[in-house]
Amino acid sequence: MTETLSPVLPEHIERAAADLLEAACKADLTLATAESCTGGMLAALLTDVEGASHAFDRGFVVYSEKAKCELLGVEREMLDDCGAVSRDVALAMARGALRGSDADIALSVTGFAGAGAPGDEAGLVHFACAVRDGPETTRECHFGDIGRGAVRIAALEQGLSMMTAAIDQASSHASPSAA
């Protein structure tokens, strides 16, 4: 019996991760993650499925601003201008994950899982999904002040959904159309 994160995560999220990895394997695509507020939970989830290790290249846990700059090449000026929890930083993180990996698709997550500094919106999370030599998508979610764990689980669900959509899109563009 394989031990998983299931005592912590809802079954539908584990199923979504398994489905994502199956789709990545079928499409011969590899994945990478760049995570801040989820603290590596997405990478852990993607390494929890047996037989799909070739579909996940690596994960970057970049909780601090310094880590975002050093590991992903996010510009310090961007962090100062936009804030670490922003669409622009999420895109820079996803692009940095692609540059720093052999992955075809990278997903980034940056947000406020709980109460932050005054003025920070608990539950605000930005996502970006970048496809090597392909499209980039972003998503902004306002999960609300539902607790750190609940925000992180909701973020996993959104991230898995975005990566699945990117695989579907990449596969549909790579497949010759039937005439």
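Just a few scattered comments:
- Each peptide in 158-166, 61-69 was scored by the mean count of other Cβ atoms within 10 Å over its residues; highest first, the order is 158-166, 61-69.
- Taking the Cα centre of region 1-110 as origin and assigning +1 to Lys and Arg Cβ atoms and -1 to Asp and Glu Cβ atoms, the resulting dipole is close to 180 debye.
- Among VAL131, CYS69, VAL89 - extreme Cα towards positive end, dipole of region 1-140, charges at beta-carbon: CYS69
- Surface analysis of the chain yields an accessible area of 50 Å² per residue, using protein heavy atoms and a 1.4 Å probe.
- Taking all pairs of distinct alpha-carbon atoms in region 1-136, Kirkwood radius in angstrom: 15.3
- Prolate/oblate/rounded label for region 9-59 (Cα gyration tensor, a/c 1.5): oblate
- For the chain, the fraction of 1.4 Å probe accessible surface lying on carbon and sulfur atoms is 51 percent.
- ARG139 accessible area, 1.4 Å probe, all protein chains in place, Å² to nearest 10: 80
- Accessible area (Å², 1.4 Å probe, nearest 10) - ASP28: 130
The values are calculated or read from the model by the stated rules, or taken from the named source; none is laboratory data. Model, not experiment: these values are computed from the prediction. Quick reminder, even Gly has a Cβ in these numbers, built from the backbone with ideal geometry, and neighbours come from all protein chains shown. The accessibility values were calculated without ligands, DNA or RNA, using every heavy atom of the protein model including side chains. Shrake-Rupley method; radii C 1.70, N 1.55, O 1.52, S 1.80 Å.
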